[in-house]
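FYI, it's all coordinate maths here, none of it is from the lab. On a predicted model such as this, the values are computed, not experimentally measured, just so you know. Positions of Cβ are generated from backbone atoms using ideal geometry, with glycine treated the same way; all protein chains shown enter the neighbour counts.
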């Protein structure tokens with residue numbers, strides 16, 4: 001009830017057919033995208049797609065991403081690849097379609113702690129990666145040159161690494177886009193009370209169904225800050241030049257500019273689209289198909305061998321290395337090993353002491369078997385010494401085994417489930433680009449399926 005239809009290929013075809021007839025300023029759109037393609041260094045494949053967009057038959061599959069440092073987390077590239085796959089689905093069915101990444105204005109993310117600046121990334125990887133690494137590091141250096149705006153840097157990186165597919169990239173904060181969107185923004189400001197009511201009622205329905213998971217998103221932003229509901233009346237006096245669509249209105253605004261057949265989104269975006277459903281209809285816009293991005297963990301060979309060695313599965317790693325090792329140790333390591341040796345030594349000592357007493361009492365005493373008693377006493381000392389040495393070696397070997405297990409499991413957790421989170425949310429896209437070069441995207445593209453709405457595991461080497 002909260003999305004137009006299920007995310008299936010046939011639904012995408014239906015939405016594409018509806019959006020072809022949308023009255024849009026296609027020439028103006030193409031002109032803006034052509035100017036941006038030159039600025040971003042897009043290849044001929046992307047420019048060919050731009051020319052196709054001027055045709056009324058062509059639709060777009062959009063992925064909206066934040067202007068994140070160093071390409072953002074891996075999910076940014078997964079969203080781009082998902083849009084490319086969905087557009088390819090339409091093409092195979094004879095429906096012209098172009099994949100497009102919309103870099104959302106004002107949206108930004110922090111770089112992961114361990115990749116918080118380009119210099120650190122280069123120093124950490126340059127020596128170990130050789131020529132392939134040098135090429136990718138050089139690309140990142142050029143895209144993220146000092147003084148480059150985050151959106152421009154990301155646009156250049158995306159244009160470079162997705163060149164074979166002709167991905168079109170748009171900077172939503174560009175003045176040309178804002179100029180094209182200005183008439184729609186004015187209408188939205190005039191209808192602010194009604195749009196607020198629609199979004200609030202839909203939010204209440206979501207909450208009643210148990211879906212709402214966060215605070216109510218803003219409809220508008222003024223100079224980059226969310227506008228509270230009680231400030232809407234003053235928006236009319238402010239003038240629309242400083243007003244931007246907020247999180248709820250942003251995808252509706254994009255749909256007013258572009259022939260959007262589908263909008264690729266992560267889990268957090270679904271509630272935003274659901275809240276905006278009535279707003280699309282308020283503007284006589286067909287809501288796009290909301291398509292979940294492909295969710296995937298990239299499994300390297302070293303981590304794969306670790307999982308196979310210890311009989312682990314990917315979900316096990318989200319509990320963290322301590323919990324995984326504790327579970328493995330309970331089945332493979334003997335916690336009572338020191339106590340077992342202590343019990344053995346105690347039992348041996350007790351029995352030999354008893355035998356010594358029977359044969360002649362204390363060592364050095366007199367009697368028929370005093371010589372045997374002395375031999376038992378001497379052997380007793382040697383055996384207890386050997387047991388102690390075996391105990392030390394066994395305990396050390398078990399400790400070393402646990403240490404190796406912890407080191408290998410911790411590395412696998414860091415690589416596949418860092419901090420107990422999805423890899424795609426925590427590890428930077430630049431990490432994979434630098435380690436494997438941009439060719440890794442072709443491997444990922446070939447092995448993910450945007451129509452499989454489950455988490456996927458992609459073997460990458």
For each of 253, 3, count neighbouring Cβ atoms within 10 Å of the residue's Cβ, then give the residues from fewest to most. 3, 253
On a 0 to 90 degree scale, rounded to 10, what angle separates helix 175-190 from the longest Cα axis of the chain? 80
Taking Cα atoms, how many degrees apart are the long axis of helix 26-40 and the longest axis of the chain, rounded to 10 and kept between 0 and 90? 40
Taking the alpha-carbon centroid of each part, what is the distance from region 428-461 to region 1-60 in angstrom? 25
Taking only C-alpha pairs under 8 Å that are 6+ residues apart, what is the relative contact order of region 300-421 in percent? 43
Among DSSP bridges having both ends in the chain, what percentage is antiparallel? Round to the nearest 5. 20
FRET efficiency for residue 411 and residue 228, using Cβ-Cβ distance with R0 set to 35 Å, rounded to 0.05: 0.15
Residue 439-residue 191 pseudo-label distance in nm [points 7 Å out on the Cα-to-Cβ vector]: 5.1
Principal axis dimensions, largest first and in whole angstrom, of region 300-421 by Cα: 75, 19, 19
Going by how many other Cβ atoms sit within 10 Å of their own, how do 432, 283, 220 line up, fewest first? 283, 432, 220
What angle do you read, to the nearest 10 degrees and between 0 and 90, between the alpha-carbon axis of helix 337-360 and the longest principal axis of the chain? 0
Let me check against my output: what whole-number percent is the relative contact order of the chain, with C-alpha pairs under 8 Å and at least 6 apart? 23
Stretch gain in nm, segment residue 353-residue 396, where the contour uses 0.36 nm per residue and the Cα spacing is subtracted: 12.5 nm
Extension length gain for residue 382 and residue 149 (0.36 nm per residue less Cα distance), in nm, is 76.3 nm
Length gained, residue 305-residue 55, 0.36 nm per residue minus C-alpha separation, equals 85.0 nm
222 nm [θ] for the chain, helices only, -39500 (n - 2.57) per DSSP H run of 4+, per residue, to 500? -19000 deg cm²/dmol
Residue 142-residue 332 FRET efficiency (beta carbon distance; Förster radius 60 Å; 0.05 resolution): 0.75
Given 20 °C and 1.002 mPa s, how large is the Stokes-Einstein diffusion coefficient of the chain in µm²/s, with Rh as the Kirkwood radius over Cα pairs? 82
